[in-house]
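The next block holds one structure in the form of structure tokens; read it before the comments.
The values are calculated or read from the model by the stated rules, or taken from the named source; none is laboratory data. Just so it is clear, the structure is predicted and the values come from calculations on it, not from any experiment. With ideal geometry, Cβ positions are generated from the backbone for all residues, glycine too; neighbour counts draw on all protein chains shown.
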Amino acid sequence: MDNEPHRDPDHSDRVHNAAESDAVNEASKLSARLVYHVVLREGEEELERPYTSLAWSGVAAGVLISSSIMAEAIFAARLPKTSWNSLVADIGYTFGFLLVILSRMQLFTENTITTVLPLLTRRDRATASAVARLWALVLATNLIGCVLAAAFFVFTAALPAEVAAAMADISRHAVSAGAGDNFMRAIPAGVLIAALVWMTSSGDHENFLIIFVFTWLIAAGDFQHVIAGTVEMAYAVLSGDREFWSLIKSYLLPVLAGNIVGGTFVFTLTAWGQVSQEVKTGGC
């Protein structure tokens, strides 16, 4: 004899009114498949934006991400020299990311997931070309913005002397490792940024807090982010501490590769794997 209680599909499992239905919908978490569709739509919209808009947004993001290094330097210059001061100073690193991401500007490392999902879905040459063009444009304009910001800090008196000294120390430390170490330390940063994009697209979290925690972790873990790091690299070069071409080989290219590996080949392909059987390849 079946001892399971009888469940009336027409009455017992049904919400009683529209207000309850809305409450259930609001409380329900998006499935992985639905989060995938949210990120996919964002990527498709990015691929359809005019190149001029992308370029201006990319330059603005490169300029404004410099506030991460500036804020970190301000904190470092003002905090007492203790064993924990770097962890507090690393809070400043979150500022530029909060500004850029919440302002919906073009940050290259976000595109390692958003624009890759349309490519994984369609798998055609036209989408691959569109993704390659967008990546090249956003990366180039981000780097231009970073160099402009670094030049402003180096060649003007915008920063107080103690803050400028702290920024020089931060920049010198950021680019001090070798190419292999920089590559490996860039992979976790790529994963964290891609995870950040995925989580903020799920609608289950407070975006400010997620961005704050994940980007603070990048700084606290001494991981490498190619765009914020380019501000540090440019500062070190323009202030005469380091040589340009040596940092291209030991810093910029390895960090770029590591961020792509972490963001695209680790996180995005993993996220795609969990939904690929639930979506139709070649369309939504």
- line: The condition of being closer than 25 Å to ALA89 by Cα and not acidic (Asp, Glu) holds, among VAL261, VAL266, VAL237, only for VAL237
task: Tell me which of these LEU256 doesn't satisfy, since it passes every other one: (1) surrounded by fewer than 22 Cβ atoms within 10 Å (Cβ to Cβ); (2) touching a residue at least 60 places away in the same chain (Cβ under 8 Å); (3) not small (Gly, Ala, Ser).
output: (1)
query: With THR264, THR215 as the choices, which residue is farther than 30 Å from VAL154 by Cα and either buried (at least 23 other Cβ atoms within 10 Å of the Cβ) or out of contact with any Cys (no Cβ under 9 Å at 6 or more places or on another chain) (or both)?
result: THR264
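Restricting to the stretch 131-180, name every residue that is polar (S, T, N, Q), in contact (Cβ under 8 Å) with a residue 12 or more places away in the chain and under 20 Å from SER86 (Cα atoms). Explain how you work it out, then say what you get.
Filtering the stretch 131-180 for residues polar (S, T, N, Q) gives 141-142, 156, 171, 176.
Those left that are additionally in contact (Cβ under 8 Å) with a residue 12 or more places away in the chain: 141-142, 171.
Scanning the stretch 131-180 gives a single hit, SER171.
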query: Does ALA157 fit the bill of being in a helix (DSSP H, G or I), among the aliphatic types (A, V, I, L, M) and over 23 Å from LEU247 (Cα atoms)?
result: no
Per-region count, the stretch 216-240, residues charged (D, E, K, R) and out of contact with any Ser or Thr (no Cβ under 7 Å at 6 or more places or on another chain): 1
message: If VAL138 satisfies all but one of (1) in a loop (DSSP other than H, G, I, E, B); (2) buried (at least 19 other Cβ atoms within 10 Å of the Cβ), what's the number of the condition it fails?
response: (1)
- request: Could you please find all residues in the stretch 151-207 being surrounded by 15 or more Cβ atoms within 10 Å (Cβ to Cβ), more than 20 Å from PHE223 (Cα to Cα) and of a type in the set (S, T, N, Q)?
  value: THR200, SER201, SER202, ASN207
query: Taking into account only those residues within the stretch 174-206 that are part of a helix (DSSP H, G or I) and among the charged types (D, E, K, R), which is farthest from VAL38 (Cα to Cα)?
result: ASP181
message: Regarding the stretch 7-24, can at least one residue be identified that is surrounded by 14 or more Cβ atoms within 10 Å (Cβ to Cβ), part of a loop (DSSP other than H, G, I, E, B) and either modelled with pLDDT under 90 or not hydroxyl-bearing (Ser, Thr, Tyr) (or both)?
response: no
- prompt: Of the residues that make up the stretch 43-59, is at least one in contact with a Gly (Cβ under 6 Å, 6 or more places away or on another chain) and either touching a residue at least 40 places away in the same chain (Cβ under 8 Å) or closer than 30 Å to ALA166 by Cβ (or both)?
  reply: yes
- prompt: When VAL147 is evaluated against the numbered criteria (1) in a helix (DSSP H, G or I); (2) hydrophobic (A, V, I, L, M, F, W, C); (3) over 19 Å from TYR251 (Cβ atoms), which criterion, by number, is the only one it fails?
  reply: (3)
query: Limited to the stretch 226-276, what total is found for residues that are charged (D, E, K, R) and more than 23 Å from MET70 (Cα to Cα)?
result: 1
